[in-house]
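A.B. asks: For reference, the structure I am asking about is given below.
The values are calculated or read from the model by the stated rules, or taken from the named source; none is laboratory data. Worth saying up front: this structure is predicted, and the values here are computed from it rather than measured. Here the Cβ positions follow ideal geometry from the backbone for every residue, glycine too, while neighbour counts run over all protein chains shown.
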């Protein structure tokens, strides 16, 4: 691919956002404090409009109600999301910190390694872990579809 925005190379911006999350988690002594931090992150998310809370935007595969609304802004994907669960909203906030307002190719090329680094899945219930995986898959799938649409429009 000859366009920089379509190169499948890891994004420094995304890697930096992930490193910030890892560094923040290292500040906490135990998982009770980390859970509280995650909940506080979720409380900071803006609510979605009723139109954004559509069935089309509802995430499948998550026990909690989760809505992810995607908007293309220039060559980047912007995500707004919320859950009816405080801790899930916090997980969403972390995913948005990492992936919102990034180019589709960057999202695809930069997996969410911070999840493993902070041992998040090991400390979530199986249903929340499955929901987090569904969230990651949804964001990455939207990026794949957006990149395909961009390439089709450019004839590449």
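A.B. asks: Within the stretch 89-119, can you find the residues that are free of Cβ contacts under 8 Å to residues at least 12 places away in the same chain and in contact with a strand residue (DSSP E or B) (Cβ under 7 Å, 6 or more places away or on another chain)?
C.D. replies: None; the set is empty.
A.B. asks: When the residues of the stretch 17-52 are filtered to those that are surrounded by 15 or more Cβ atoms within 10 Å (Cβ to Cβ) and part of a loop (DSSP other than H, G, I, E, B), which remaining residue is nearest to the chain's Cα centre (by Cα)?
C.D. replies: The extreme case among them is 45.
A.B. asks: Just for the stretch 63-83: of the residues that are in contact with a strand residue (DSSP E or B) (Cβ under 8 Å, 6 or more places away or on another chain) and in a loop (DSSP other than H, G, I, E, B), which one is modelled with the lowest pLDDT?
C.D. replies: Only one residue tops the list, namely 64.
A.B. asks: Here's another thing I want to ask about it. Could you count how many residues in the stretch 116-136 are within 11 Å of the chain's Cα centre (by Cα) and under 16 Å from residue 97 (Cα atoms)?
C.D. replies: Number satisfying all stated conditions: 3.
A.B. asks: Quick check, is residue 142 more than 15 Å from residue 63 (Cβ to Cβ) and surrounded by fewer than 22 Cβ atoms within 10 Å (Cβ to Cβ)?
C.D. replies: Yes: the conditions hold for residue 142.
A.B. asks: I would also like to ask the following. Taking the condition surrounded by fewer than 20 Cβ atoms within 10 Å (Cβ to Cβ), at negative phi and either modelled with pLDDT under 95 or under 16 Å from the mean Cα position of the chain (by Cα) (or both), does residue 97 pass?
C.D. replies: Judged against the criteria, residue 97 is a match.
A.B. asks: Right, something else. For residues in the stretch 120-136 being in a helix (DSSP H, G or I) and without any contact (Cβ under 8 Å) to a residue 24 or more places away in the chain, which is surrounded by the most Cβ atoms within 10 Å (Cβ to Cβ)?
C.D. replies: Here the residue is 129.
A.B. asks: Something else about it: Are there any pairs, at least 6 apart or on different chains, whose C-beta atoms fall under 6 Å, with the first in the stretch 2-30 and modelled with pLDDT of 80 or more and the second loosely packed, with under 15 Cβ neighbours inside 10 Å, and if so, which?
C.D. replies: 22/117
A.B. asks: Ok, one more. Sort out which residues of the stretch 145-156 are surrounded by 14 or more Cβ atoms within 10 Å (Cβ to Cβ) and at pLDDT 90 or above, and write them in order of number.
C.D. replies: 146, 147 - these are the residues of the stretch 145-156 that are surrounded by 14 or more Cβ atoms within 10 Å (Cβ to Cβ) and at pLDDT 90 or above.
A.B. asks: Which condition breaks for residue 14 when tested against (1) over 16 Å from residue 138 (Cβ atoms); (2) more than 15 Å from the chain's Cα centre (by Cα)?
C.D. replies: Residue 14 satisfies every listed condition except (2).
A.B. asks: Then there is this: Before we move on, is residue 83 touching a residue at least 40 places away in the same chain (Cβ under 8 Å), within 16 Å of the chain's Cα centre (by Cα) and over 24 Å from residue 23 (Cα atoms)?
C.D. replies: Spelling it out, residue 83 is indeed touching a residue at least 40 places away in the same chain (Cβ under 8 Å), within 16 Å of the chain's Cα centre (by Cα) and over 24 Å from residue 23 (Cα atoms).
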